[in-house]
Amino acid sequence: MTPVATSQALRKHLSVTDGFVLYTSAVLGQSLIALPSIAARHAGPWSILIWVALAAVSYPLARIMAELGARYPSAGGVIAFIGQGLGQPASWLTGVLYLAAIAVGGPATALVFSAYLGTLIPLPGHWPFAVAATLLGALVLGACFDVSRVMRLQRWGFFVCLAAITVTLLLALPHVTTARLTDVSGYGLAGVASTGLICFFAFVGWENAAFSGEEFADPRTLVKALGLAVVAVGALFVLLGITVVGGLSRSVIATSDASLADLARLSLGAPATRVAAVIALALLILFMFTWARSAARLIYALAREGLFPRPLARMDAASGAPRNAALALGAAWAVALLAQLVLGVSIERYIQLSSGDFLLTYVLILLTAWRLLDIRRYLPALVSASLAILALVAAGFQSLWYALAAAVLFAAIMAARRAYIRLWSRPGAPDARPCHEAASSASLAAEMERIVLSRDEV
């Protein structure tokens, strides 16, 4: 039987190159493959300006997250430094919002994977959902094994995909026409505003590397890997926006979300479409594994702090992976995918809901940054990032209901939790009361774990 340790420390094995891969693979993926076409469909040439604006504000936002992640390295990522700045309830709320975003974002991305696979193999009926379910299951399984081996595969696979995508974009540039880049007819202000929130999903992910902060020997590695990652991501999205809007016809943009495959067909002909589809599939797997890995560690961290059931804070001693947390993530994905199948929710809708959750977490992150970082040193980054997030909140407020519903549910759970603790605190309560009180206190639970581990070592 495989030995299992409770709340064992994560291994410190990640390098600068790993940090670059974690940053870029978390931000790219579905965003790079599908969102340029979706954005062009809703906003046309205006989408290029949206890409440029988001790329410009991406660095200060990412720098703030990297600085906070380096100062407070933890498997909990953003919840660690938000807890320092805004208190434990705010950190737990951030974790819940983040998990709610991944719960709907994961199935949507898996269906994009099915769409690309459909260009290689016919997928009739409900087969796309079966493929999506298989992919999600494989990602959960992958998150249960030794991450150092997976990171090596992820690193080389990502660089190969990145090189192929760059070549595809450069070959598509000669097909860009000025007429398509300047034709803004038919695109209204409402569509452009809503596109801003959709495009924001493309730059969600800078916080993902922070969830691995505990696994870097030097937490400052996060900051070192940031600069190159931001330049690479910003350049790719702007270049994609230009080639999609300026190179593809409106009829293609209106009917296809396969940006990469469409550009490959444009520059290299129909045979290249299959190659582009294979590259897209590989990149989606890499992207989703980064999210699965981050989400599993967040569940593990929240359980370690006492919000989630304690068994989710157990880690397999042999693989160094939080397997129970990964299985819990798989259960959440199964529910969300089933809801998408039964209710017929569109991929775009799920992306908007996920973006709304991420947007609210970014508001909390920025509030934390204003409290924890040196205002004089980081004032330009704080001001520019805050203004950008406020603009996105104003533009996409109609899609924030899911995030607000998650926040209300969290508040209700916390109220019920406090009532439960008070019940066990009454005079004459059963002897099990101290156990429940310990479970409700993250600091006391951590102290108990240290005592147990010390005893085991002796």
Of 360, 337, the only residue that is under 17 Å from residue 398 (Cα atoms), at pLDDT 80 or above and buried (at least 20 other Cβ atoms within 10 Å of the Cβ) is 360
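Among the helices (runs of 4 or more DSSP H) confined wholly to the stretch 201-319, which include 2 or more residues that are within 20 Å of the chain's Cα centre (by Cα), of a type outside the set (Phe, Trp, Tyr) and at pLDDT 80 or above? Walk me through how you get there before you give the answer.
On the way: elements: 221-247, 250-255, 259-268, 271-304.
Filter on the stretch 201-319 gives 221-247, 271-304.
Which one of 252, 245, 233 is surrounded by fewer than 20 Cβ atoms within 10 Å (Cβ to Cβ) and either free of Cβ contacts under 8 Å to residues at least 12 places away in the same chain or on the phi < 0 side of the Ramachandran plot (or both)? Full working, then the answer.
Numbers: 245 fails: surrounded by fewer than 20 Cβ atoms within 10 Å (Cβ to Cβ); 233 fails: surrounded by fewer than 20 Cβ atoms within 10 Å (Cβ to Cβ).
Answer to the selection: 252.
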Q) Mind checking whether some residue in the stretch 350-367 is under 27 Å from residue 67 (Cβ atoms) and free of Cβ contacts under 8 Å to residues at least 60 places away in the same chain? A) yes
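Could you list all residues from the stretch 105-150 that are in a helix (DSSP H, G or I) and touching an Asp or Glu at 6+ places or on another chain (Cβ under 8 Å)? If you could, list the steps in order and put the result at the bottom.
The initial filter retains those residues of the stretch 105-150 that are in a helix (DSSP H, G or I), namely 105-117, 127-142, 147-150.
Once the filter is applied, which keeps residues that are in a helix (DSSP H, G or I) and touching an Asp or Glu at 6+ places or on another chain (Cβ under 8 Å), the stretch 105-150 yields 112, 115, 147.
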Scanning the stretch 100-148 for residues that are modelled with pLDDT of 85 or more, surrounded by fewer than 22 Cβ atoms within 10 Å (Cβ to Cβ) and of a type in the set (Phe, Trp, Tyr), the one nearest to residue 402 (Cα to Cα) turns out to be 129
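Would you call residue 310 touching a Ser or Thr at 6+ places or on another chain (Cβ under 9 Å), without any contact (Cβ under 8 Å) to a residue 60 or more places away in the chain and on the phi < 0 side of the Ramachandran plot? Break it down into steps so the answer makes sense when it comes.
Numbers: touching a Ser or Thr at 6+ places or on another chain (Cβ under 9 Å): yes; without any contact (Cβ under 8 Å) to a residue 60 or more places away in the chain: no; on the phi < 0 side of the Ramachandran plot: yes.
The answer is no for residue 310.
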Restricting attention to the stretch 288-296, does a residue exist that is more than 20 Å from residue 107 (Cα to Cα) and surrounded by 20 or more Cβ atoms within 10 Å (Cβ to Cβ)?
no
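The values are calculated or read from the model by the stated rules, or taken from the named source; none is laboratory data. As the structure is a computational prediction, the values presented were derived from the model and not from experiment. Quick reminder, even Gly has a Cβ in these numbers, built from the backbone with ideal geometry, and neighbours come from all protein chains shown.
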